[in-house]
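The values are calculated or read from the model by the stated rules, or taken from the named source; none is laboratory data. Just so it is clear, the model here is predicted, and its values are computed rather than measured. Backbone-built Cβ (ideal geometry, glycine too); neighbour counts: all protein chains shown. Note: accessible area is taken over every heavy atom of the protein model, side chains too, but ligands, DNA and RNA are not part of it. Shrake-Rupley method; radii C 1.70, N 1.55, O 1.52, S 1.80 Å.
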Amino acid sequence: MRTRTVNLTKGFDGVCVFVNDNLDVECLDMMAQNGIKFIALRCAGFNNVDIKKAIELGIRVFRVPAYDPHAVAEHSLALILTLNRKIHKSYNRIRENNFSWKNLPVSLYTVKQ
């Protein structure tokens, strides 16, 4: 959220923002004028929000209290498998209509060419 995009909050009760959104005094003032009553953060940190100003304006701020360590571990493993099996390379090839197996890992069950 930036001051140039805060006009998108008109007509809504709340917004959902991420860690790279900067909700400073100016932005919060504009959001309050648009009727925003709450901000939901999709991150554990909240240093990108001027909490004192939000409290002063009556805007409630919600955040993720902690991440599930199992979900983080599962996602890490999924990324490792993606790299190992070159899924990212396969995905990009298919988007380009390239269905070649060249330089990709071939499963034992793949029909020999």
Practice item. At 0.36 nm per residue, minus the direct Cα-Cα distance, what do PHE12 and ASN97 gain on full extension? Give it in nm, one decimal, please. Key: 26.4 nm
Check your understanding: With the contact rule set at Cα under 8 Å and sequence spacing of 6 or more, what percent relative contact order holds for the chain?
Key -> 20
Review point. Local charge sum around VAL19 (other residues, Cβ-Cβ under 12 Å, Lys/Arg +1, Asp/Glu -1)?
Key: +1
Review point. For the chain, with equal point scatterers placed on the C-alpha atoms only and solvent neglected, what are the log10 I(q)/I(0) values from the Debye formula at q = 0.10 1/Å, to two decimals?
Key: -0.53
Review point. Using a basic spin-label model with each label point 7 Å from the Cα along Cα→Cβ, how many nm lie between LEU57 and ARG42?
Key: 2.0
Study note, to complete from the structure: Heads up, the range 1-58 by the C-alpha gyration tensor (a ≥ b ≥ c square roots of eigenvalues; a/c under 1.5 rounded, else a/b over b/c prolate, else oblate) looks rounded
Exercise for review: Can you spot the lysines whose alpha carbon is less than 18 Å from LYS52's alpha carbon? Ignore those fewer than 8 places along the same chain.
Suggested key: LYS37
Review point. Roughly how many nanometres apart are two label points built 7 Å out from the Cα toward the Cβ at THR82 and MET30?
Key: 3.3
Check your understanding: For the range 36-78, what does the alpha-carbon gyration tensor say about shape, rounded, prolate or oblate, given a ≥ b ≥ c as the root eigenvalues, a/c under 1.5 as rounded, and a/b over b/c as prolate?
Key -> prolate
**Study point:** Accessible-area value, VAL72, 1.4 Å probe, nucleic acids and ligands omitted, Å²
**Key:** 80
Exercise for review: Take the chain, connect every pair of alpha-carbon atoms lying under 10 Å apart with a spring to form a Gaussian network, then pick out the residue of LEU83, LEU23, LEU57 with the largest mean-square fluctuation.
Suggested key: LEU83
